[in-house]
Amino acid sequence: MSAKRSETQNIRIQRHYQKTFMKSKFCLRIESMPSEILLKIFSYLDAVSLLCIGCVNKRFYHLANDNVIWFKIYSSFFPPKRTNWKTNSVERTAVLLSHATIQDRESGYWKNEYIMKQTATGKTRIMQLLKPINPSTGLPLKTKEAIKTYSLRWVIVLKDRNGKEHVMEQVDISYNDTSITIFWYGTNWPCLDTLSTLELCGMTPLLLDQCKVPTKNGPRRRSLIAEFNLTNLTKVTTMIGSDMLVQLFRLNPGLLMGLWKKGNGIAFVMASLHHHQLIERSTLGSATKQYILPPHKPILDDVDPEYGLHGYQLHIDMHSGGHTYMCGTFRNLFCRKDYIRNGYLRLTVISLKNNSQHLPLAGKVGIFWRTDVFEGNVQNCYMMDVTLLDETEKPFWCFSAPVYMKLSSRASCLYDYMGHNYDLNYMDSEGKVHVELVWIEESKEYYIVNLVLYLRTEKVNRWFGTKY
């Protein structure tokens, strides 16, 4: 029995070495092939496969940059416009342009030409989708269609103190009225204490081809949207709420990080991105630089003495996890000159003294979160989208961010409502939002009794060319 076992074991070892030898022999055979044969093999590949095979090693990279191969690909997608140039055959087209003329260009010239033209064609197609505008929000109507057409996804890049990158792929996405909410969760998070920064990036296929579904490992382009500092996160960042399992920390603009109460590890990350310039910010930047919005040119008005103080239109959406708590549009907002104080213009949206304007929040208010195993709801928190248009119905101030309601310490001056008072405050470089709410115990719902926007005078003057 022992002899048979040893014989069987020897046979297995021999087969293992034979397989290993055949694999190594095959690899050596590919590597040792003449460049002419490899170029012939590469000529049968499509553009994406060529880009991928160019990442194998230096030799393959130089061969995969061959101008003759890329000129054939370029000609098949972008045939010459001259009518007397026959383009029935890609091979014939390449011959018409002499081999010497093609190779006179620097290596990779036609590859770069093809990539740039494909990128420009894709962007033109997307921008056509974004032309129709919603009159209520002043934002593109077909942002969702543009995201799917562009195969646009979002990743977060976690960098530790040694410079190592941990790329986390988008797990889920929720489409809202004027924003999107993106979710990342899993079990392979790096240790929070070792991390220094988090980068939020848009990710698109390098080559857009409607006939093919982009692969996860194919060539992709990254566009930096925002960068966040994670050093001493729990000490310097605002915690907006918690439940039995997680604590929520808000990183401006628009990022929410959930940490496990036990162990202080990362449970999930959520990002809320406003539709305004979303496609541009997610595609037109680079891996290291954010897309810079074109400067606004003010339209001057010497006739109207209160130019820039009236005609505002607000669209506000309060939501979480596919649930909408309040969504509405408010027109003809204005500010009198004597309401300009401490560097802010005041726009009253819902007045504390006008009961007919007070609005309820529908449903159980809270941020819904989930991971691979757990899910929960952190009460008194939600996402708030603000879209403020100027009198020409152009977006003036837009943001989407997680917010939270805090029990007010002030005594209530409302006699029509009996219940606890809550405050909600948001602030960024362009303005502030102040919301006052009352909890109605009988109906188990919150009522918004006061909603005020404060716009920075500096932003108004810069936008309208005024001097308030």
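In table form, for the structure just shown:
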read-out	value
Among the candidates MET405, MET427, MET418, residue that is closer than 27 Å to PHE368 by Cβ, of a type in the set (A, V, I, L, M) and open to solvent by 60 Å² or more (accessible area, probe 1.4 Å)	MET427
Residue in segment 239-253 that is surrounded by 18 or more Cβ atoms within 10 Å (Cβ to Cβ) and at pLDDT below 90 present	yes
Flag for TYR446 being part of a strand (DSSP E or B), more than 25 Å from ARG331 (Cβ to Cβ) and open to solvent by less than 70 Å² (accessible area, probe 1.4 Å)	no
Test result for ILE11, at pLDDT 85 or above, assigned to a helix (DSSP H, G or I) and among the aliphatic types (A, V, I, L, M)	no
Residue, modelled with the lowest pLDDT, within segment 219-230, restricted to residues that are touching a Lys or Arg at 6+ places or on another chain (Cβ under 9 Å) and over 13 Å from LEU255 (Cα atoms)	ARG220
Residue in segment 77-96 that is modelled with the highest pLDDT, counting only those that are in contact with a Ser or Thr (Cβ under 9 Å, 6 or more places away or on another chain) and open to solvent by less than 50 Å² (accessible area, probe 1.4 Å)	PHE78
Considering residues of segment 219-236 that are touching a residue at least 12 places away in the same chain (Cβ under 8 Å) and outside any strand (DSSP E or B) only, the residue surrounded by the fewest Cβ atoms within 10 Å (Cβ to Cβ)	THR231
Cβ-Cβ under 7 Å pairs, at least 6 apart or on other chains, segment 363-390 side assigned by the TED database to the domain that holds HIS274, far side in a strand (DSSP E or B) and aromatic (Phe, Trp, Tyr)	none
Checking GLY163 against (1) surrounded by fewer than 18 Cβ atoms within 10 Å (Cβ to Cβ); (2) within 20 Å of LEU206 (Cα to Cα); (3) small (Gly, Ala, Ser), the condition it does not meet	(2)
Leading residue by the ranking (surrounded by the most Cβ atoms within 10 Å (Cβ to Cβ)) among those in segment 275-289 that are outside any loop (DSSP other than H, G, I, E, B) and of a type in the set (Ser, Thr, Tyr)	SER282
Residue match in segment 346-358 (condition: open to solvent by 20 Å² or more (accessible area, probe 1.4 Å) and modelled with pLDDT of 95 or more)	yes
Residues of segment 193-218 that turn out to be crowded, with 18+ Cβ neighbours inside 10 Å and modelled with pLDDT of 85 or more, as a count	9
Single condition LEU300 does not satisfy, out of (1) of a type outside the set (Val, Ile, Thr); (2) open to solvent by 60 Å² or more (accessible area, probe 1.4 Å); (3) under 16 Å from PRO395 (Cα atoms)	(3)
All positions within segment 110-135 that are among the basic types (Lys, Arg) and open to solvent by less than 50 Å² (accessible area, probe 1.4 Å)	LYS111
Boolean, ILE156 is closer than 16 Å to LEU256 by Cα and in contact (Cβ under 8 Å) with a residue 40 or more places away in the chain	yes
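For every residue, the table says whether it meets (1) in a loop (DSSP other than H, G, I, E, B); (2) of a type in the set (Val, Ile, Thr); (3) at negative phi.
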| site | (1), (2), (3) |
| --- | --- |
| THR119 | no, yes, yes |
| ARG125 | no, no, yes |
| GLN128 | no, no, yes |
| GLY138 | yes, no, no |
| ILE147 | no, yes, yes |
| ILE156 | no, yes, yes |
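The values are calculated or read from the model by the stated rules, or taken from the named source; none is laboratory data. A quick note: this is a predicted structure, and the numbers were derived from the prediction, not measured. Cβ sites come from the backbone with ideal geometry, for glycine too, and all protein chains shown count toward neighbours. For accessibility, only protein heavy atoms count, side chains too; no ligands or nucleic acids. Shrake-Rupley method; radii C 1.70, N 1.55, O 1.52, S 1.80 Å.
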